[in-house]
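We did not get these values from a lab; they are worked out from the coordinates using the rules stated. Being a predicted model, the structure only gives us computed values, none of them experimental.
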Amino acid sequence: QVQLVESGGGLVQPGGSLRLSCTASRSIFSAYTMGWYRQAPGKQREMVAFITTAGLINYADSVRGRFTISRDNAKNTVYLQMNSLKSEDTAVYYCKATRISSVYWGQGTQVTVSS
């Protein structure tokens with residue numbers, strides 16, 4: 001079992017920045033593909049970014065160029081740096097760990113972009 005704990009969400013003005021963190025409970029973190037997903041009210045959960053064990057990265061078109069995902073295997077932590085935030089980025093952001101048939105989700109952290 002892997003527990004994921006997200007942090008770093010909050011209220012920010014349009015154009016601002018936030019950095020989300022997701023820390024895993026086990027040292028096998030390095031064996032998992034780590035991803036960030038988000039779900040806005042009334043919408044389906046969508047992929048924001050993911051980073052594989054080999055360091056390959058992919059972003060949703062809506063965030064490419066504004067968001068950066070990174071991982072620190074020594075700290076069992078994955079980060080999402082979010083810049084130039086827009087109101088449409090408002091959502092609950094979830095961390096996801098995937099390895100073969102094992103999938104784990106965090107509890108989510110709220111990001112609200114509003115003036």
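Cα convex hull, the chain: 94 Å³ per residue, rounded to a whole number. Computed over the range 63-115, the range of Cα coordinates on each principal axis works out to 39, 20, 19 Å, biggest value leading.
Can you give the Kirkwood hydrodynamic radius for the range 16-65, in Å, rounded to one decimal and based on Cα pairs? Write out the running numbers ahead of the final one.
Details: mean 1/r = 0.0793 Å⁻¹.
12.6 Å is the Kirkwood radius here.
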